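This report concerns only the one structure given below.
Where a number appears in this text, it was derived from the coordinates with a stated rule and is not lab data. The model shown is predicted, which means the values in this text are computed figures rather than measured ones. Here the Cβ is made from the backbone with ideal geometry for all residues, glycine too, and neighbour counts use every protein chain on show.
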Amino acid sequence: MANKKIRLRQAHTGDAVFLRDIFNTPIIMEVFGLQPSTMERWTRTIKDWQEEKQTFPYIVETASTLPVKLGLLVAREDKEDEKLIWLEMIAFAPTFWGSGDARLAMETFHDICAEEGRERVRLGVNKENKWAQKFFVKNGYSVCGERIEPFGDRQEQRARYIMEKFIPPRDKK
């Protein structure tokens, strides 16, 4: 589908079932270090994100008359640098893995960042997750550091690469 369009829209509590279903798949639970979750957990999580004015949860969906929900992308403003935004999470239903939809979602996210005047996007990726590292490099990210930080529901300490992409400014028309 060469002309497929993707849009990002703000997540709301009505998306809790969709998120529960994605994050209860075994591979996603392993990648994100999560325990099985309930709809109530995701309803609470979405409400928490909405209350945090610096966190932006987006549902990734097809831009069509009858949109199909594909995944979740969560971004967070940096507390000290208004030109920097952190990509906290990107997760797609396994059904859509390999479809190119995640790449389209990243392009859409980068467009939003440019429109908002962001100059850089940073993210953390587990050192063991070679697939994710390859995905982000293909999308223009490079390693700019590393750190140890809590991971998943058990808050185990994991080594993570910090990756960054520079966002070119939009041409003023």
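Among the trypsin sites (Lys or Arg not before Pro) found in region 7-57, those both in a DSSP coil and sparsely packed, with 15 or fewer other Cβ atoms within 10 Å of their Cβ, are 53.
Here is the list for region 35-125: chymotrypsin sites (Phe, Trp or Tyr not before Pro) lying in DSSP coil, each with at most 13 other C-beta atoms within 10 angstrom of its C-beta, are 97. Entry for region 6-166 at q = 0.13 Å⁻¹: log10 I(q)/I(0) = -0.61, Debye formula applied to identical alpha-carbon scatterers, no solvent contribution. Here region 110-126 and region 135-149 have alpha carbon centers that stand 13 Å from each other.
With a threshold of 24 Å on the Cα-Cα distance, the over-threshold entries among 53/138; 130/165; 69/165; 47/138 are 53/138; 69/165; 47/138.
Of the residues 19, 66, 87, the one that moves most in a GNM of the chain with alpha-carbon contacts below 10 Å is 66.
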